[in-house]
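Scroll down for the structure; my scribbles are underneath it.
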Amino acid sequence: MKDSVIMVKDFRKVYGDVVAVDGISFEVQHGEIFGLLGPNGAGKTSTLESLEGLRAPDGGSLRVMDIDPARESRKLRNLIGVQLQTSGLPDSMRVDEAMRFFAAYHGVAPAYHLLERLGLSEKMSAQYHMLSTGLQRRLSLAVALAHKPPVVLLDEPTAGLDVPSRNELHDLMHELQAAGTTIILATHDMAEAEKMADRVAILLRGRIAAAGTPRELTATGAGLTKVSARTEGTSLSEPSLNFPGVSQQAFKDEYAIYYSTDPGSTVSAIIAHIQAQGDTLIDLRVERPSLEERFLEITGAGGA
């Protein structure tokens, strides 16, 4: 059994009359990528900032490698790497200066190879304000990883990145994980969470609404599997067709789409019907529910 690296128990954070986080509990194991998901205002950033030692909890407890972030920030700083949504780097700071500054802060040699890996080798002398949003985020990630921290906290790390850059970051995250790094990934990108996270927790109004592996979460709830069929003729064009397990149906882009609780029976019945009508099946797709669909179901399409 893996060791718990991050422990959050009955954590509560309040700002005036607003309860941002209302008694949440979770643990993150060694070498795990843990997704922290939720709509704006759900409590993700408050949780991350408290784990980073930037805010003190108003209830409950937090531990990062058995360290209390609020009381032992000096011990914590070399054990975590943090990429925030906004880095706060001075506009006039050059890329190479930023790397040297953070390396000196942690007492390590500058990790110029990370700048090269993240596509910044040709921007060494560029000032921070001259970089695109995507390059700024790459720089903030590079300096967060410079001291090889065993725990990394990422807040929307791929926001503003193009597809090749996102893929490069995902590869880097997998390499870090393989080396034993523990990662918390806060993201709005459900496809990213489903691809990268071993487990996720969905926050809603300051509480954990659901938690588990992406596959566990997509297997709960409505649990409808999407079956899409396209035929040469019109055998599936009749809206009154009733196939086993189907609770909803739609038509889009020449496809008849069925949402089923029993996809095996649904597919068999569809194929039998097409053959009985003397029609020809051109394409058939069976897709399990995505994490995004489950997220929207839990959060009410992202409300509150």
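Mind telling me which of the residues 295, 243, 251 ends up being outside the structural domain of residue 23 (by TED's automatic domain parsing), touching a strand residue (DSSP E or B) at 6+ places or on another chain (Cβ under 8 Å) and modelled with pLDDT under 90?
Exactly one residue qualifies, and that residue is 295.
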Going by what's in this entry, would residue 13 be described as surrounded by fewer than 22 Cβ atoms within 10 Å (Cβ to Cβ), in the same structural domain as residue 183 (by TED's automatic domain parsing) and over 19 Å from residue 154 (Cβ atoms)? no
For region 33-83, which residues satisfy the criterion of being among the acidic types (Asp, Glu) and closer than 27 Å to residue 108 by Cβ? 49, 52, 66, 68, 72
Can you name the condition, by its number, that residue 184 falls short on among (1) assigned by TED's automatic domain parsing to the domain that holds residue 10; (2) without any contact (Cβ under 8 Å) to a residue 24 or more places away in the chain? (2)
Report whether or not residue 89 is of a type in the set (A, V, I, L, M, F, W, C), over 24 Å from residue 54 (Cα atoms) and either in contact with a Ser or Thr (Cβ under 8 Å, 6 or more places away or on another chain) or in the same structural domain as residue 176 (by TED's automatic domain parsing) (or both). no
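Might you check whether a residue that is under 16 Å from residue 224 (Cβ atoms), polar (S, T, N, Q) and at pLDDT 90 or above occurs anywhere in region 278-291?
no
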Taking region 117-155 on its own, how many of its residues are under 22 Å from the mean Cα position of the chain (by Cα) and of a type in the set (A, V, I, L, M)? 12
Exactly one of (1) at pLDDT below 95; (2) hydrophobic (A, V, I, L, M, F, W, C); (3) within 20 Å of residue 193 (Cα to Cα) is unmet by residue 151. Its number? (1)
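The values are calculated or read from the model by the stated rules, or taken from the named source; none is laboratory data. Keep in mind that what you see is a predicted model, and the values were worked out from it rather than measured. Every residue, glycine as well, gets a Cβ built from its backbone with ideal geometry; the counts of neighbours run over all protein chains shown.
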